[in-house]
Each structure stands twice: as C-alpha cells, then as structure tokens.
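Contents: one structure, followed by commentary.
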Amino acid sequence: MAQEFYKDGDKENGGRVIGGSSITPDGGLVFDRDRRVIRLTRKRFLPEDIVAFRFARVLEESRVGYVVVAGYTAILFGRGRRSDDIDFILEELDKERFMELCRRAREASFTLMQGDIWSEDSVKRLYQNYLVEGYGVRFMYRDIILPNVEVKLARTDIHRHALAHDIKVVVNDKFVVRISPLELQIAYKLYLGSEKDFGDAVFLYTLFRDHIDRDELDKWCTRLRIDCRMLEEAGEL
C-alpha cells in the first residue's frame, strides 16, 4: 500500500519517485497536499505506534474507511507525550461487516475488552449495544490493556467530513495510517479545551504552519466557535 505514494513528482533517493513539500530540513516529513499524503520517517516506535499501525492494517485489508483522531495524531508526528488509547472513526458498518472486521482483527492478535472476539453472539451484542448506540468498542493487541484501540462509527457531519478528506500517512515506506484533516484536527483540539488538547493543537499547527489551508482552519474554528488566534499567540510565547 505504501507504494501508492510513489507515482509522480521528482525522482530522488536512488530513483524512487517522491512528491510534495518537505516539512522538516532532513526530509523526514514530506507533505503532498494535492494527493493528501504525508511521508514520515521515524527512527523508533512507541507502543502506541505499533498498535495503531497493526489495527490500521486490519482496516486497510478489510477495506473499511477510517481515520485516526485525537491525541495519537500529535504523537505520530513526534509530540513527546503518551496516550492510553488510539481513537479510530470508522465508516458506517452493518453487523456482517463488523463481524468480518472482528474476525480479521482476531487473526492479527487483537481481542475485545467488552466481549469475546471468538464468540459470534458476543460480537453481535457489541455491535448492537455499543456501536449502534454510539458507544466505542475497544480492542487490545495481544491482550495488553494499554494502549488500546477505541473504534466508533461515523455519526456526525464532522466525522463524515474527516472520512471524506482523510490524509494517508506512510511511515518508513512500510506502514500506512489515515488521519483526520489537519485543519479539522487542530480546530477540534482547541474546541475540546483541555491543557493536553491545546498542546496537541499548538504542536500540529506549529509543525504544519506553512502547509495547512488557513481558510479551512478558520472555517472550522468559526463553526466550533473558537478563536484560532490563540494558536499564533501560543507560538509567540
């Protein structure tokens, strides 16, 4: 899947085709905004990364549309903090597709926190009593409680916008994870308002300052009734 990134653009690094603009001087972070693809090079991985990449692979192989939202996005790009969970928003799934997703997740060494992934009846109850009702379902990788994956179905216009405008992040030319649009992610973090969320918003804004759509960011800030100027003010401290 990562090979999809190398199609057009300038040829570098032994003939590989790389497009986009470098965010960092060393070329370890490249953003191709037209294709909505980010190429990221990481020297080491955190437990959150391993869990996120492995669950994202399950979703990719299952052809389930998804985006990662919340704090892991900042962690992915290098913010020095940890998270107990990785939040995934999934496209609308019927019961049969969710059962198939759980089967593939089971084969990839994931289990369920609220039920038995080996039991069809348990999986059906989780779908009906949690996902359909708007609650999250949590998956554990190799029965390790933290960090875990929380999945919810897209229920709002914001969720659906994020899915329709996802950004594919290709890590070390090997792993793929899709994230919410940066402008929406930054604005929503400001909207949540906690110190941790504000720090995530400032981190992402500072990193991608010259590569985000300012009009799009202002649109989301207006819709969420928050003042985007606080990002600039925080950057000047």
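No value in this document is a laboratory result; all are computed from the given coordinates. Keep in mind the model is a prediction, meaning the values are calculated, not measured. In this analysis, Cβ positions are derived from the backbone assuming ideal geometry, glycine residues included, and neighbour counts consider all displayed protein chains.
Things to note:
- For the chain, Cys102 have no disulfide-compatible partner, since no other Cys C-beta lies under 4.7 Å from theirs.
- Across all Cα atoms of the stretch 22-71, the radius of gyration (one decimal) and Dmax (whole number) stand at 12.9, 36 Å.
- Principal axis extents of the Cα atoms in the stretch 93-237, from largest to smallest and rounded to whole angstrom, are 54, 34, 27.
- Distance from the C-alpha centroid of the stretch 95-154 to that of the stretch 46-91: 15 Å, rounded to the whole angstrom.
- The amide H of Asp85, built 1.01 Å from its N in the peptide plane, has Asn148 as neighbours under 5 Å, considering only residues 5 or more places off or on other chains.
- Working from Cα pairs under 8 Å separated by at least six residues, relative contact order for the stretch 119-221 is 16 percent.
- Rounded to whole Å, sorted largest first: equivalent-ellipsoid semi-axes of the stretch 2-223, Cα gyration tensor: 29, 21, 16
- Charge dipole (debye, nearest 20) of the stretch 46-96; +1 at Cβ of Lys and Arg, -1 at Cβ of Asp and Glu: 320
- Using a Gaussian network model of the chain in which every pair of alpha carbons under 10 angstrom is joined by a spring, one finds that among Glu48, Glu96, Glu216 the greatest mean-square fluctuation is at Glu96.
- For the peptides 54-62, 222-230, 37-45, 202-210, residues were scored by their other Cβ atoms within 10 Å and the scores averaged per peptide; the highest-first order is 54-62, 202-210, 37-45, 222-230.
- For trypsin sites (Lys or Arg not before Pro), the sites in the stretch 78-133 that DSSP calls loop and that have at most 14 other Cβ atoms within 10 Å are Arg81, Arg82.
- If only the Cβ of Lys and Arg carry +1 and only the Cβ of Asp and Glu carry -1, the dipole of the stretch 2-223 around its Cα centre is close to 400 debye.
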